Amino acid sequence: MQLSVDVLILGVLLLLVAILLVMAVRIVPEYQRLVLFRLGRMIGERGPGFVLLIPFVDRGVRVDLRERFFDVVPQTTITKDNAHLSIDFLVYSKVVDAVPSVLNVVDYEGASRGIAITTLRAVVGSMILDDVLAKREQINEALREKLDEVTNRWGIKVTAVEIREIRVPTEIEQAMTRQMSAERGRRAMVLEADGKREATIRIAEGDKQAAILRAQGGAQALDTIFSVARTVDSNTMSLQYLDMLRTIGTSESSKLLVPAELTGLLRPFLEHADAAARARAHVGDGRGETSGAGAGAGAGRR
């Protein structure tokens, strides 16, 4: 009977020791930290690795240091030009200091979501619709900076904010579609005009180059003919001249040919006739003057 009681007591003691060991020993992974409270007072953070606690005196709060994200459901916002938009986005954050994330905020994820919503409305409210649609990266960066300023006191780092979708009302979407179609038509007309202008310029340049090449070809041909003609003697030229006369004379058309040599043969006769005509004119002028002088003398004697 006494032995059974001793065994029971020993078993109870072993059970208590096991329970105390379970309560006293903590294994903290690399991606976690343990914020330790002793009798309600924070004494620091522990980990990673093996951490020993005092049962019923110490209490540890685990904090995950890995990057986390939460999505913000679509929020209705109003732009500076009174356009209603529905925007949803993702917020990526991580705990960089475990102690303030436990001491300074109850639910840092919920608090970050609330700050993200109010910050989104403030940022979008200061921009017009076109800027909201075109400057998504700038909105992301502005949200990240403002969230990081607020969450810094909680030991939380906001690493990124990504807008997932921006929904616009149907009437604004239809107006944007019409505007896009008109812009594309304008660009097509500008491109067509530029193409025609470029084609006209190229055609003019081509004509100019062709005229220059034709002129150069004609000049080279004349130079070639002149250089060949200088090497031909007079006998060869005379034979070619006679052959050309024979070819022209055998054609069926009526024609009168006056060789250039005939004018050379007639030149002495023409010069003699011209000299005789000038002599007769000179003699006629002398006789006229003598008759005039005699008539004047007779009138004086009377």
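The values are calculated or read from the model by the stated rules, or taken from the named source; none is laboratory data. Values in this document were obtained by computation on a predicted structure and should not be read as measured data. Cβ coordinates were reconstructed from backbone atoms using ideal geometry, including for glycine residues, and neighbour counts include every protein chain displayed.
Computed values, structure above
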read-out: Test: residue in segment 32-49 that is closer than 17 Å to Trp154 by Cα, assigned to a loop (DSSP other than H, G, I, E, B) and in contact with a Gly (Cβ under 9 Å, 6 or more places away or on another chain); value: no
read-out: Residue that is surrounded by the fewest Cβ atoms within 10 Å (Cβ to Cβ), among those in segment 135-160 that are basic (Lys, Arg) and either part of a strand (DSSP E or B) or under 25 Å from the mean Cα position of the chain (by Cα) (or both); value: Lys135
read-out: Some residue of segment 171-185 being closer than 29 Å to Val91 by Cα and more than 28 Å from the chain's Cα centre (by Cα); value: yes
read-out: Any hit, segment 132-148, residues being among the polar types (S, T, N, Q) and either more than 30 Å from Val96 (Cα to Cα) or in contact with a Ser or Thr (Cβ under 8 Å, 6 or more places away or on another chain) (or both); value: no
read-out: Those residues of segment 89-133 which are acidic (Asp, Glu) and modelled with pLDDT of 90 or more, in sequence order; value: Asp97
read-out: Residue ID - modelled with the highest pLDDT, chosen from residues in segment 162-172 that are acidic (Asp, Glu) and loosely packed, with under 11 Cβ neighbours inside 10 Å; value: Glu165
read-out: Some residue of segment 17-29 being closer than 22 Å to Asp97 by Cα and either aromatic (Phe, Trp, Tyr) or free of Cβ contacts under 8 Å to residues at least 24 places away in the same chain (or both); value: yes
read-out: Failed condition for Ala215, given (1) in contact (Cβ under 8 Å) with a residue 40 or more places away in the chain; (2) in a helix (DSSP H, G or I); value: (1)
